[in-house]
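Beneath this line is the structure, given in structure tokens, with notes to follow.
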Amino acid sequence: MHIADLKDVRIHYRIDGDDAGAPIVFANSLGTDMRLWDPILPLLPKGLRIIRYDKRGHGLSSAPSAPYSMGNLVRDAEQLLDYLEVKDCVFVGLSVSGMIAQGLAVKRMDQIRALVLSNTAAKIGTPKMWQQRMDAVRTGGIEALADATMDRWFSKSFRASAEMTLWRNMMVRQPVEGYLGCCAAISGTDFYTPTSGLRLPTLGIAGSEDGSTPPDLVRETVDLIPGSRFALIRKAGHLPCVERPQDFAQLIGDFLTEIGHI
């Protein structure tokens with residue numbers, strides 16, 4: 001475990017795999033930390049420099065006072081990659097981090113050579129919806145949203161398993177300021193225009209049972225980028241890397257091979 005001091009925030013990160021390998025960055029969703037990617041790590045191809053980090057307000061990173069802007073979240077990723085001297089990485093962003101990925105690709109083409117946009121969109125929800133969620137958290141904590149979120153995150157069969165409790169616990173134990181901050185960042189983001197200007201290899205991944213970013217929403221965003229491709233993982237919700245890790249890792253491995261990253 002390592003901490004990068006980026007002045008206004010301290011970002012917890014971890015590097016696995018081959019120190020001299022091709023860089024791939026994994027960034028997690030709202031309400032989770034870098035452990036989101038644990039199920040797929042053993043399934044990824046060899047020879048990768050695997051970088052994970054907790055975005056601000058999540059996991060072991062610091063939690064500045066809310067609200068955050070998407071510019072804050074993009075700049076955190078940008079500064080972390082500069083700190084680690086990373087160029088030409090493949091950036092895998094899920095949900096809010098898929099938005100971070102889009103913003104960073106527009107801003108720093110030298111840092112990102114390809115994108116994996118998982119269960120995300122150029123715009124997610126409406127400001128009114130996010131305001132209602134933030135109000136609920138301010139009143140009753142993250143616990144107030146937990147059950148409804150699990151319904152959107154996971155397929156019915158996974159919700160019936162004991163493992164779901166681990167992810168519910170992870171969500172409710174995130175810092176409230178961090179959760180509120182990232183909700184505000186998502187609420188204020190509409191990347192349809194900047195994302196439509198991107199020209200880089202892109203893989204979009206959706207889960208057939210995703211209640212947060214349904215497949216049609218993911219596909220609509222991915223289709224903004226010419227030459228991109230879209231993959232649907234069946235029997236999975238908003239976190240297919242958890243429910244279907246082998247399928248998720250296979251898609252990423254195939255994509256890395258296709259673009260010559262490995």
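How far apart, in nanometres, would the label points at residue 161 and residue 250 be if each is projected 7 angstrom from Cα along the Cα-to-Cβ direction?
Placing both labels 7 Å along Cα→Cβ, they lie 1.6 nm apart.
What does region 118-262 give for Rg and for Dmax, in Å, if only its C-alpha atoms count?
Values for region 118-262 (Cα only, Rg and Dmax): 16.3, 49 Å.
So for the chain, Kirkwood radius off the Cα pairs, Stokes-Einstein at 4 °C and 1.567 mPa s: how many µm² s⁻¹?
Value of D from the Cα-based Kirkwood radius: 72 µm²/s.
Among DSSP beta bridges lying fully in region 1-107, give the percent that are antiparallel, nearest 5.
Rounded to the nearest five, the antiparallel share is 45 percent.
Would you mind computing, in nm to one decimal, how far apart the modelled labels at residue 79 and residue 14 are, each placed 7 Å from Cα along Cα→Cβ?
Distance between label points: 2.3 nm.
Over 30 Å between Cα atoms: which of 7/46; 87/156; 107/128; 46/123 fall into that group?
Beyond 30 Å between Cα atoms: 7/46; 87/156; 46/123.
Rounded, prolate or oblate: which one fits region 184-239, using the alpha carbon gyration tensor with axes a ≥ b ≥ c (rounded when a/c is under 1.5, else prolate when a/b beats b/c, else oblate)?
It comes out oblate by the Cα gyration axes.
Using DSSP to define loop residues, name the GluC sites (Glu not before Pro) in region 105-185 whose beta-carbon has at most 14 other beta-carbon atoms within 10 Å.
Numbers: sites: 143, 163, 177; in loops: 163.
Here the GluC sites (Glu not before Pro) that fit, given the DSSP loop and packing criteria, are 163.
Tally up the carbon and sulfur contribution to the accessible surface of the chain as a whole percent, 1.4 Å probe, everything protein left in place.
The computed percentage sits at 50.
Would any residue of region 74-117 have its amide N under 11 Å from a label point 7 Å out along Cα→Cβ of residue 193? List them or say none.
Of the residues in region 74-117, none has backbone N under 11 Å from the label point off residue 193.
Just the Cα atoms of region 4-156: what Rg and Dmax do they give in Å?
So, for region 4-156, Rg and Dmax equal 15.8, 48 Å respectively.
At most 15 other Cβ atoms within 10 Å and a DSSP loop assignment: could you name the trypsin sites (Lys or Arg not before Pro) in region 1-50 that fit?
The qualifying sites are 7, 46.
Report, in debye and to the nearest 20, how large the dipole of the chain comes out about its Cα centre when Lys and Arg carry +1 and Asp and Glu carry -1 on their Cβ. Walk me through the intermediate numbers first.
Working: 29 positive and 30 negative charges, 50 e Å.
It works out to roughly 240 debye.
Between residue 5 and residue 151, 0.36 nm times their residue separation minus their Cα-Cα distance comes to what?
48.9 nm is the gain from fully extending residue 5 to residue 151.
With unit charges on the beta carbons (Lys and Arg positive, Asp and Glu negative) and the dipole taken about the Cα centre of the chain, which residue among 172, 232, 40 sits farthest to the positive side?
Checked the options; the winner is 172.
I'd like the antiparallel share, as a percent to the nearest 5, of DSSP beta bridges with both residues in the chain.
Numbers: 9 of 34 bridges.
The antiparallel fraction comes to roughly 25 percent.
Using alpha carbon centroids, what distance separates region 1-49 and region 64-88, in Å?
14 Å
What are the trypsin sites (Lys or Arg not before Pro) within region 204-255 that DSSP puts in a loop, where the Cβ has at most 15 other Cβ atoms within 10 Å?
234, 235
Along each of the three principal axes of the Cα atoms of region 217-261, give the extent in whole Å, ordering the values from largest to smallest.
Principal-axis extents of the Cα atoms in region 217-261, largest first: 29, 27, 12 Å.
Given H placed on each backbone N at 1.01 Å, which residues far from residue 48 in sequence or on other chains put an amide H within less than 5 Å of it?
18
The values are calculated or read from the model by the stated rules, or taken from the named source; none is laboratory data. Predicted model only: the values in this text are computed from it and were never measured. As a convention, Cβ positions derive from the backbone with ideal geometry for all residues, glycine included, and neighbour counts pool all protein chains shown. Just the protein is used for accessible areas: all its heavy atoms, side chains included, with ligands, DNA and RNA removed. Shrake-Rupley method; radii C 1.70, N 1.55, O 1.52, S 1.80 Å.
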